[in-house]
Ligand code: SF4
Ligand code: SF4
C-alpha cells in the first residue's frame, strides 16, 4: 500500500510516563499540599459539632436518609439546595480567580487526581525503583520478580484507593460508627458497595488513567486557558536564555550558546510526559517539578537558576525590551472575579444570617377553582405546607387577610386546635385549608396567609389568591 493510501490515524498511542524522582522547592511544596489536603479530608468527618439531642453531632455530614446537609452551624434542607448551588458558584469563581493569578496551581498541587496519582507513583517507585528500572521492568518479560513487584504495587494501590476514594463514605454516615463497623466487618451492603465502587474508581484513575484524566476527561483543563492573560503565572522555559541548546562539558565556553545542556531531566520528571521546552501546552499541570529538575542542573553546570520557572508573559516581554518587570495582581479579569466572589458570598451570608426557622407554602386548588355554597358564600380550597426547622414542636395560628369577612377552616383529623397548624420538630406538615367569604366584588382577590407561633416569635406569611365569580 502506498503512503497516500494509509488510513489517517487520529489518535496517537499513549506513551506511559515514568516520572523520575526529583527533590526541590516545588516537590517539597507538593508533599506539604498532599499532607495538608489528605489530613483535612480524613479528619473533617470526625469533627464533632453539638446540635442538641435531636440532630447528629457530626460537623460535616450529608444525611441522605434524613434529607439533610450539615456543615457546622448550618443545617441545609432539601428546599435550600440553592445554598449548595451558591457554594459551587463560589468554589468555581474562586478557582477562576486563583487560575487567573497563578495559573493551574489547583491542578498541580491540590486536585485529588494529582494528589492520588502522586501517591500511586510514589508507591510504584518504592517497589519497582526509579524511572529506568520501572521502564525496564514494564518492557521486560514476565518473570517472578516482575510478578511479585506488580502484585505488591497493585495491592497497595487498591489499599490506598480504599483509604482515599473509599473514605468519601465517612461524609455520608456517622464516621466513628462506620469506622467501627468497618473494623468489625459489619458494614451495611449499601455503604460497602460505595466503598468498593470508589476504591476501584480511584485505583483506575490514579493507577492507570493518570494524566489522561486531565487531558481527556477534566473539562477544566480545556477551558482554563480562557482565564489566562499576559499577567498569569505559568511555567515556562526561557527560550531566549536556553537556546541554542546542546551538550556541555565542564570547562567548555558558554559563549555563543544557550544555557540548556539538553539533559532532558525536565522531561524525565514530568508526570504528564511532556517537554516544556516546546512551549506552554494544555497537558502541563503546572506542578513545578521540571523547575526543580532544571534548577538542579543549572547548579551543577554553575549557571543561574530559573531557566524553567514560574513567570508571566508580560514580564518576559518586559525583560526582552529592557523594561522593569512588574506583576499586576489587580486587573479587569481579577477585579470581576473578586467582585462576583464578594457579591455571591455576601448574598449567601445574608441569606444564612437571616435564615428563617420555618417556611410557609400555599397552593390554591386547581379544580374546582371555587365553590359557591348554599348560603351564597364562596369557598376556596388550598394545600398548605409548613416547615419547622427547629428541634421543638410548634403550634401555628393561621389567619387570612385581604378578603372581607373571610373565615378559615383547617381540615385535620386529630389536630388539637382546629384553627391551628401543629408542626412537629424538624419536619414538614401538610394541611387542607378552606377559606370562605361573602362574594367579593372582584373575581380575583389577593389573600395573605399568616402563620404565627403561639409565642409570636415566628411569623410566616404567604401571598395567595381568592377566586370567585365577582359581582
Ligand atoms: S511541564 Fe513541568 S510543570 Fe508542566 S506538568 Fe510537566 S513537570 Fe509539571
Ligand atoms: S532540565 Fe534544563 S538543562 Fe536540562 S534539558 Fe531541561 S531545560 Fe535543558
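Rule-based calculations on the coordinates, nothing more; no lab input. Just so it is clear, the structure is predicted and the values come from calculations on it, not from any experiment. Because the Cβ atoms are built from the backbone with ideal geometry, glycine has one as well, and the counts that use them run over all protein chains shown.
Where does each of 358, 468 land when they are ranked from fewest to most other beta-carbon atoms within 10 angstrom? If you can, show how the numbers build up before the last one.
Working: 358 18, 468 23.
Least crowded to most crowded, the residues run 358, 468.
So how do 283-295, 226-238 stack up, highest first, on mean other-Cβ count within 10 Å?
Working: 283-295: 24.3, 226-238: 18.8.
Taking the mean over residues of other Cβ atoms within 10 Å, the ranking is 283-295, 226-238.
What area, in nm² and to one decimal, does the C-alpha convex hull of the stretch 317-471 cast on average over all directions?
The number I arrive at for the stretch 317-471 is 16.2 nm².
How much length, in nm to one decimal, is gained on full extension between residue 318 and residue 397, taken as 0.36 nm per residue of separation minus their Cα-Cα distance? Intermediate values should be presented prior to the final figure.
On the way: separation 79, 0.36 × 79 = 28.44 nm, distance 7.20 nm.
My answer for the length gained is 21.2 nm.
Hey, rough spin-label estimate for residue 373 and residue 300, points 7 angstrom out along Cα→Cβ, what's it come to in nanometres?
9.6 nm
With r as the distance between the Cβ atoms of residue 239 and residue 177 and R0 = 60 Å, compute the FRET efficiency 1/(1 + (r/R0)^6) and round to 0.05.
Details: r = 58 Å, r/R0 = 0.97.
So, using R0 = 60 Å, E works out to roughly 0.55.
Can you give the angle from 0 to 90° between the axis of helix 144-164 and the longest principal axis of the chain, with both taken from C-alpha atoms, to the nearest 10?
Between helix and principal axis, roughly 30 degrees.
Against the longest principal axis of the chain, how steep is helix 82-102, in degrees 0 to 90 to the nearest 10, with axes from Cα atoms?
Long axis of 82-102 versus the principal axis of the chain: about 20 degrees.
Tell me, in nm to one decimal, what length is gained between residue 338 and residue 280 on full extension, where the rule is 0.36 nm per residue of separation less the Cα-Cα distance? Mind dumping the intermediate values first?
Working: separation 58, 0.36 × 58 = 20.88 nm, distance 2.64 nm.
Result for the pair: 18.2 nm of gain on full extension.
With a point put 7 Å past each Cα toward its Cβ, work out how far residue 443 is from residue 255 in nm, to one decimal.
10.0 nm
If packing is taken as the average count of other Cβ atoms within 10 Å, what order do 170-180, 336-346, 318-328 fall into, highest mean first? Display every interim value, and only then the final one.
Values: 170-180: 16.6, 336-346: 14.4, 318-328: 10.5.
Highest-to-lowest ranking by the protection proxy: 170-180, 336-346, 318-328.
Using the alpha-carbon atoms, what tilt in degrees (0 to 90, nearest 10) does helix 112-128 show relative to the longest principal axis of the chain?
So the inclination is approximately 40 degrees.
Which values, in whole Å and largest first, are the semi-axes of the equivalent ellipsoid of the chain obtained as the square root of 5 times each eigenvalue of the Cα gyration tensor?
On the way: eigenvalues 793, 170, 86 Å².
One finds semi-axes of 63, 29, 21 Å for the chain.
Using a 10 Å cut-off on Cβ atoms, rank the peptides 136-143, 306-313, 195-202, 31-38 from the highest mean neighbour count down. Walk me through the numbers on the way to the answer.
Working: 136-143: 10.5, 306-313: 19.2, 195-202: 17.8, 31-38: 14.5.
Descending mean neighbour count gives 306-313, 195-202, 31-38, 136-143.
Counting just the Cα atoms, what span does the stretch 230-332 cover along each of its three principal axes? Round to the nearest Å and put the largest first.
Projected onto its principal axes, the Cα set of the stretch 230-332 covers 49, 34, 19 Å.
Working from the alpha-carbon coordinates of the stretch 25-226, get Rg over Rh, Rh being the Kirkwood radius.
Details: Rg = 19.8 Å, Rh = 19.4 Å.
Ratio of gyration radius to Kirkwood radius: 1.02.
Quick one: if the Förster radius is 45 Å, what FRET efficiency do residue 36 and residue 427 give, using the C-beta to C-beta distance and rounding to 0.05? Show your work: numbers first, answer last.
Values: r = 40 Å, r/R0 = 0.89.
Computed FRET efficiency for residue 36 and residue 427: 0.65.
Taking 35 Å as R0, compute the FRET efficiency from the Cβ-Cβ separation of residue 126 and residue 325 and round it to 0.05.
Numbers: r = 41 Å, r/R0 = 1.18.
Using R0 = 35 Å, I get an efficiency of 0.25.
At a threshold of 8 angstrom on Cα-Cα distance, excluding pairs fewer than six apart, so keeping six or more, what relative contact order does the chain reach in percent? Please report the intermediate quantities before stating the final value.
On the way: 714 pairs, mean separation 62.6, N = 471.
Computed over the chain, the figure is 13 percent.
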